[in-house]
Every structure is written in C-alpha cells, then in structure tokens.
Amino acid sequence: MDLALLTALNTERAARRAAVVVTHLASGVQRLVRGEDITSDPLAGDIEAAVRAGRSGVAGEGEARVFLNVHVPPARMVVVGAVHISQALAPMARATGYDVTIVDPRTAFATAERFPDTPVIAEWPDKALPGLALDPFTAMVALTHDPKIDEPALEAALKAGCFYVGALGSRRTHAKRMERLAALGLPQAQLARIHAPIGLDIGAANPPEIAVAILGQVIGALRKPAPAREAAA
Amino acid sequence: MQPEIQPAPSPASLAREDDVLEAAVRWRAEGKAVALATVLETWGSAPRPVGSHLVIDDTGNFLGSVSGGCVEGAVVTEAMDVIDSGKPRTLEFGVADEAAWRVGLSCGGAIRVYVERID
C-alpha cells in the first residue's frame, strides 16, 4: 500500500468520513474511494452496498476480483432527554454498537445514577451539541416533549445531515412543531426527514418497548438503501 | 528557514495509540519498514472479521490481529519476506491445511490474509 494512500485514509477516518480501499487482487493495484466519490466510481454499486452494510469483502470474479475494505466511523446516537425511554434505549443502543450520549439541561433528570455507563451532558442542546460534532453517522433522538429543548436539537441534526432524526410526540404535536421549524427557515424537504411520531409502528406499550421501536427505526435508517427507507418512513 | 507546520492534534479518541493504521504511518515516519496484513475472507468460525488489520515492522514488532492470536506468528514471518521483496502475497490458513493446524487455527475456521508492504 502506498504511504500517501494510507495517510489519506487515516485523514478520512479521523474526520469520521466513510472511505473504501479497493485492492485489485491479481495486480495489487489500489485506490482510495472517499465517501463523496462513491457514486462516480466504476464499482459504485458494490461499494455503496458494502458501505451501507459496513462490511468489507471480495467483489467480482476471476481476474477482476477486488477486495473492498470498508472504513465507516462507528455510528453514534445522541438522545436529547434523560427520560424513562432513554434509560431503556441507551443500553440497547450500546449493545447494537452505537456510541450513546444523553443531553438534557434538567439536572434532576440528567444524572449519572440514572444512566450508568452512558455519558450524560446536563446542558441545553445549543451548548452541548457543538462539542458533539453531529454528522451523517449520527442518529438524533429527541425525547423531552419540550419544544425549547427538542427543537434546537432537531434543527441542528437536520443541518448536520444526521442519518436519522426522530422526535417524540403525537401527530398533532408534530404538526405544530413542523410549523415552528418551518418558521425558522428550514426547507420542507429537510423537515420531512423527521420521524414523528417516533419509532416503528409495533404498538409499543411502555418505555422499553418504545425504545425497541425507536432502535429498530434507527437501524433501518442506517442499513436500508434510501428508496426503501423513504417508503418505510 | 520556514517553520515546520504541525498538524492540529487529533482528539484522543480518533488517534488512539492502539489504532493499527495510525501506527503503520507512525512507524514509517520513524524510518521503519512496515507491512500490513488484512483479512480478505473467512469461513466458519473465524475470530476476526474481514477487513481486520495486523501491522508488522521490520524487527517483527506487531500491532492488531487477524485471527485473535492463532496465526499471527506465521503472518509475521511471511511479512518479513514481503518487507524484503515488496511483493504482496495472499496467505491461507484453515483446518484442512496441515501447516495451519500446526500454527494453531484451532477455532475450526479458515481465513485468507493479504500481506503487503507500505511503500
């Protein structure tokens, strides 16, 4: 491997951007495909599928066989609201491989006792989120029910291109929320990305079941190709 | 003389000491010859997933793993040859392979490992 290629790969990894090293196995010839260049690559289909699955592997046949080594950053989940659902969601999300952070300015909720093993930031989203550097490999889950807390987080998540943005609340609550967010100048196409009412429709009846519904929806958003995702949403 | 421009320090979580690919670049910067081993394919119960890396320097120091300890010794030996020749090679280890049994892939799986020099 060329040292320059390896250095460029490490730059992408450090910046939490997807990158794939393509090695032609017969010749050893290699190239780095950055996330933004995947669609224009001759192997776009194979590479896109591998990145979405987060799985490296061999593609092609015979002389054309290539190894695709996929480097995607670990997915993160930012949960706004140190509430009962979050207490169930945080350990489940961690078990499925997410780095979880809880944000809630209400110090009665945001305590280490309520969230053992999960970092809790007892700050308003405006203060906490810049340090978390939201990105396309981050899921935003807003659960406080309080527009003052949830909405700045939703706005930041949409602007950062988070792969999943979801908010707790009934259809009526959400309709009002959409009006307020639209008034902030967020385009409809972005607002339509918010999953609300949050979670898969599995008839979840209590906080742990709602957490399962949310986590299932987050996983689908990460793993399923975009058209299927929109149909499912 | 121009002052040397130092890159901004990365957050600790992104440039960990045990990050294999960061170590490969660091070792090269220290003037060592370095080889990189990568798991290409696995069959059965292989302990490390496809894409896992082991980085080896010219004195046999290594970091990372391709099999959770089963075949690292053999890979390091092969890596010395790759560092000398500069020619990448693909190694196979599995239970059907007498040599692999000797180096101890006792988990019952099989793996194919690509070894290349960092140039």
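The values are calculated or read from the model by the stated rules, or taken from the named source; none is laboratory data. Note that this is a predicted model, so its numbers are computed, not measured. So basically every Cβ, Gly included, is an ideal-geometry build from the backbone, and we count neighbours across all protein chains shown.
In summary, A:PHE137 fulfils each of the numbered conditions (1) within 20 Å of A:ALA156 (Cα to Cα); (2) over 17 Å from the mean Cα position of the chain (by Cα); (3) within 14 Å of another protein chain (Cβ to nearest Cβ); (4) of a type in the set (Phe, Trp, Tyr) with the single exception of condition (2). Restricted to segment A:64-86, and to residues there that are part of a helix (DSSP H, G or I) and touching a strand residue (DSSP E or B) at 6+ places or on another chain (Cβ under 9 Å), the residue that is surrounded by the most Cβ atoms within 10 Å (Cβ to Cβ) is A:SER86. Among residues that are within 29 Å of A:GLY220 (Cβ to Cβ), in contact with a strand residue (DSSP E or B) (Cβ under 8 Å, 6 or more places away or on another chain), more than 12 Å from chain B (Cβ to nearest Cβ) and surrounded by fewer than 19 Cβ atoms within 10 Å (Cβ to Cβ), A:ASP41 is included.
Of the residues making up segment A:137-190, those that are assigned to a loop (DSSP other than H, G, I, E, B) and surrounded by 16 or more Cβ atoms within 10 Å (Cβ to Cβ) are A:PHE137, A:LEU143, A:THR144, A:CYS162, A:PHE163, A:LEU168, A:GLY169, A:LEU186. When the residues of segment B:39-58 are narrowed to those that are within 11 Å of A:GLY57 (Cα to Cα) and part of a strand (DSSP E or B), which ends up nearest to the chain's Cα centre (by Cα)? It comes out as B:VAL39. Residues that are of a type outside the set (A, V, I, L, M, F, W, C) and assigned to a strand (DSSP E or B) were ranked within segment A:1-38; the one that is farthest from the other protein chains (Cβ to nearest Cβ) is A:ARG34.
Residues in segment A:92-122 that are of a type outside the set (A, V, I, L, M), outside any loop (DSSP other than H, G, I, E, B) and surrounded by fewer than 15 Cβ atoms within 10 Å (Cβ to Cβ): A:ARG94 only. Can you confirm whether B:ASP84 is at pLDDT 95 or above and more than 13 Å from chain A (Cβ to nearest Cβ)? Spelling it out, B:ASP84 is indeed at pLDDT 95 or above and more than 13 Å from chain A (Cβ to nearest Cβ). How about segment A:49-76: which of its residues are farther than 20 Å from B:VAL39 by Cα and away from every other protein chain (no Cβ under 12 Å)? Selection gives A:ALA75 alone.
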